Structures are given as C-alpha cells and as structure tokens.
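Please read the structure below before turning to the comments.
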Amino acid sequence: MEEVDWVVVGSTPAAMEAAGYRPVGKEFPVFLHPQTGEEYALARTERKTAVGYHGFEFHAAPDVTLEQDLARRDLTINAMAEDDAGNLIDPFGGRADLEARRLRHVTEAFAEDPVRILRLARFAARFADAGFVVAEDTMALCQRMVDAGEVDALVPERVWQELARGLMEPAPRRMIEVLREAGALARVLPEVDALFGVPQPTAYHPEEDAGLHTLLALDAAAALGAPLEARFAVLLHDVGKALTPAEALPHHPGHEEAGVPAARQASERLKAPRACRDLAILVTRWHLHAHRALELRPGTVVELFEGLDLFRRPERLEPFLDACRADARGRPGREGATWPAGDFLRAAFEACRGVSARAFVDQGLRGPQVGEAVREARCRAVAGVPRPGRGGVHTGPAGD
C-alpha cells in the first residue's frame, strides 16, 4: 500500500492537539501523527459559496459522520473506507464500480469543484490500461459544468498541476480525450483542441487528423518513458497546423514557425515550468529539422544545434530527441519503428562538442574570426560523422 488516508470522526482540533498530533491544515483540520508522521484529517463537510475551486466553506465537528465525509469525495472508487476491524464502508457503490472498471462521481456535489474534471481525466489516463471508462452520467455532468463556466474559474497553477500529473500517467492520451469529450480541452488548451478535424496528407500521416496524430505521439512518448518536458512538447508540437490557411490543406507549409507563438502562449497561460515551456517551443520550431537530419547539410545540422542552444544547454538534447522520436512514431504502423536520425544527431553533437574556441585563440584569431572558425570546424566535424541508411521517418514535402 503506497498511501493511507486517515479520517477521524467524533473528535475536535483541541482533542487532536492534546493527543500529540501536530496541525498542518491551512483550510481545514489536518494533523500529523506524532510517531508515524502520517496525515489524519477530521471528518468534514463542505458547502459551495462561489464559482471555482476556491469557493468552499468547510465544516469539521464531532457530529460529522464518516458517510458525510465520503459523500464529498470526487469518485466512488475514492469514497470507500475501512474501519479498525478491516470492515469495508462503501455507502456509494465504489466496490461495484471498481469491479466494473467504471469512473463515476459520488454525488451531484462533484459539479461544485471544476478541478474534479481534471482529476477525472487524470484517473482515466492512469487506469486506461486496466480498462476503466468514464460513466456516461459523469461525463454528462462534466459537460454541464463546462457549459456553466466552472472550468473558466480555474487558476493556471491547478490546471498545470493536474495536466503535468496526467501527462506522466501510462496513457496520457486518455486525459486529453476525456477533457475534449467534456468540452474542457477547448477551455484549458484551445490550441490543442483546434487540431482535431485538421487534415494531413494521408501518404505521410495515415491517421490523417492532426489531433489524432498528437494523441498517437503521446502514446509513443509514454512508451518511451519520456520525461515531462518531452511529453508536454509532444502535446504542443503541431499546434501550428491549426493555423494553416484552408487553401493549403491538407499540407502545412511553415507550420513549425507558425506554431511557435501558439506554443509560447499555451505554455505561459498554464504557467508551465521554464524547462517545459522552452522545450515545447523548441520542438515546435525544430522538429522537422530533426526528422530530416540524415538529409541536411552539415551547416544546417549545426544551425539546428545552435537553435536549440545545445552548446550552452546540452541537457536539452535527449528530451528533444525523445519528443521527436515520439512524433515519428505517432502514426499507425510506426509505433515501434527505429529512428536513425536520432542516433545521427547524438553522434553529430558529440563530434561538435569536441571543437574548442581556445585552439583558435591560440592560433592568433580574434573576435568574429574565432566564431567563424569554430562554426567551420563544427561543420567539418558533422561532415565526418557516418550517416546510417536514410530510411528514417520522412514527413513529406516541406511543412507536411
């Protein structure tokens, strides 16, 4: 058992402190056990007082029952308890839902907290491989919440917290699918929601739909065990395709550059950590260069490394390659494909890193001459790296 939640009934804050428990709750009474350090919360009820997840008034008192406390939980599978004797307390059918692999809200009070839509989507991503699905009445309730404007009251920090956790679940695409079905994706990530229904050339994208490609790429990122910044970059890497003029479809010339402002806007609105924001922008801008690495001139490869600022931030390389590899595999029939461009880029960068400006300074070069000499030496280093068979993913004509 990874985590135990303790609920205390029939007590008061004063009695808990008198027994040696240390109070830590800011909004409602939570205490740390004096020996184990585990959290013990007093049974409580809550009342909606305003729009959003902050608009609650909590009531904790000795007369609050365990059933009343469980009634305020989000999903039935989270609204079960066990007493000291090991007896199951399940007033809302959580066990039956668990056996049926069903994610269902406890009561209509679910609608009072918009964070619960995000949590529902995250649980769907966590348990998708076990066959869990969202109950129809729960999805309908989420849709009514979105229509009522509850999601619009969410603060960026809470959205990011749940989104980041969901992206790291085994099936992150399910989080996006659930949010989209509820109508919440258009509110929290309109840049991604806009991708669904956008056509792509069938020859290079058998899945055709840009939104579906993003979901498949998320699947691939999870299969690779990619870090959070790479998964977030995958989520945003094609947002420029939603901006393609209708007359150019199904091709997407220049979608990389067009997508940069949208990727930046989404990242900043969510207040994503800098590493996630920066990689999302860089993958959006440079992912086609990575896919065509085996065909690029040495100078263009060096330009890619400079664009990623790898000579100052070499730690970006692997997450960048993870995101691009996931993009390459995010199409039917390519799920387990090799990606030789990644091996080449890794070897080319290692060769470039061996170039030292000091050597040229020692030769008497100064100022811009040093920079020019370093770049020429890096280009020669890249030219000397063997290129594997050019059978890597090719995304079609420019911008596809």
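Only the coordinates and a few stated rules stand behind these numbers; no lab work does. Every value quoted in this text rests on a predicted model; they were computed, and no experiment measured them. Don't worry about glycine lacking a Cβ; one is built from the backbone with ideal geometry, like all the others, and counts go over all protein chains shown.
A few notes on this one:
- Semi-axis lengths, Å, the range 120-278, gyration tensor of Cα atoms, sqrt of 5 times eigenvalues: 24, 18, 17
- Cα-derived Rg to Rh of the range 52-165, Kirkwood definition: 0.98
- Anisotropy class of the range 208-400 from Cα gyration tensor, a/c 1.5 cut: prolate
- Loop sites in the range 238-344: GluC sites (Glu not before Pro), DSSP, at most 12 other Cβ within 10 Å: E335
- The HN-Hα couplings worked out from phi for the range 11-18 by the Karplus form 6.51 cos²θ - 1.76 cosθ + 1.60 (θ = phi - 60°) are 10, 9, x, 5, 5, 5, 5, 5 Hz, whole numbers, x standing for Gly and Pro.
- Cα-based shape type of the range 313-354, given that a ≥ b ≥ c are square roots of the gyration tensor eigenvalues and the cut on a/c is 1.5: oblate
- Using θ = phi - 60° and Karplus 6.51 cos²θ - 1.76 cosθ + 1.60, couplings along the range 100-116 (whole Hz; Gly, Pro as x): 7, 6, 10, 9, 10, 6, 6, 9, 5, 5, 3, 5, 7, 10, x, 4, 5
- Taking the helices alone, the chain has a mean residue ellipticity at 222 nm of -14500 deg cm²/dmol, built from -39,500 (n - 2.57) per DSSP H run of at least 4 residues and averaged over all its residues.
- Packing-based ranking, highest mean first, of 144-157, 182-195, 78-91, 338-351 given that Cβ atoms within 10 Å are counted: 182-195, 338-351, 144-157, 78-91
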